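The numbers here are math on the coordinates, done by the rules we state, and not lab data. The shown structure was predicted, so the numbers you read here are calculated from the model rather than taken from an experiment. Don't worry about glycine lacking a Cβ; one is built from the backbone with ideal geometry, like all the others, and counts go over all protein chains shown.
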Ligand code: DLZ
């Protein structure tokens with residue numbers, strides 16, 4: 001009998017990662033949303049074996065500042081992986097495109113430069129409603145997904 005492929009649900013994976021320090025850079029723009037991303041990320045990290053004392057949270061004013069904040073978490077706080085959490089909502093100006101692209105590129109650059117996982121946990125949506133649905137609503141929580149990605153990368157590096 002044919003069976004359906006199971007949908008990949010990142011947040012349901014099990015991990016056992018210990019003795020790793022995780023930095024979280026979290027943007028303050030749309031902080032009602034980013035607080036939920038942060039909570040989702042912390043839940044997953046702790047369930048995955050990360051001690052609360054090994055989670056270092058640093059606020060950034062907006063998403064544009066996330067890559068530099070991630071760099072500080074690596075250089076100064078000796079993070080083994082960093083989650084960058086933010087929420088960029090499309091407005092009436094091209095700001096959205098400039099910020100989104102700069103952040104995505106910056107996050108990747110820091111990860112490649114320091115050779116550690118730096119995860120893009122930034123919502124880029126057209127509306128606040130879409131952001132709500134992806135920060136603990138019907139489309140999951142991008143903060144939780146970012147934490148899963150970091151744990152997956154740390155586990156992959158062990159092998
Ligand atoms: C300026 C700005 C705008 C218009 N929109 C957002 C947004 O939707 N999400 C976000 O995280 N940040 C936004 N910012 C702030 C920029 O990220 C940045 O903090 C400022 O341009 C200062 O460099």
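Points worth noting:
- Protection proxy ranking, highest mean first, for peptides 146-154, 25-33, 111-119: 146-154, 25-33, 111-119, where packing is the per-residue count of other beta-carbon atoms within 10 Å, averaged.
- Kirkwood hydrodynamic radius (C-alpha pairs) into Stokes-Einstein, the chain, 4 °C and 1.567 mPa s, D in µm²/s: 82
- Counted over the stretch 41-157, the DSSP beta bridges are approximately 20% antiparallel.
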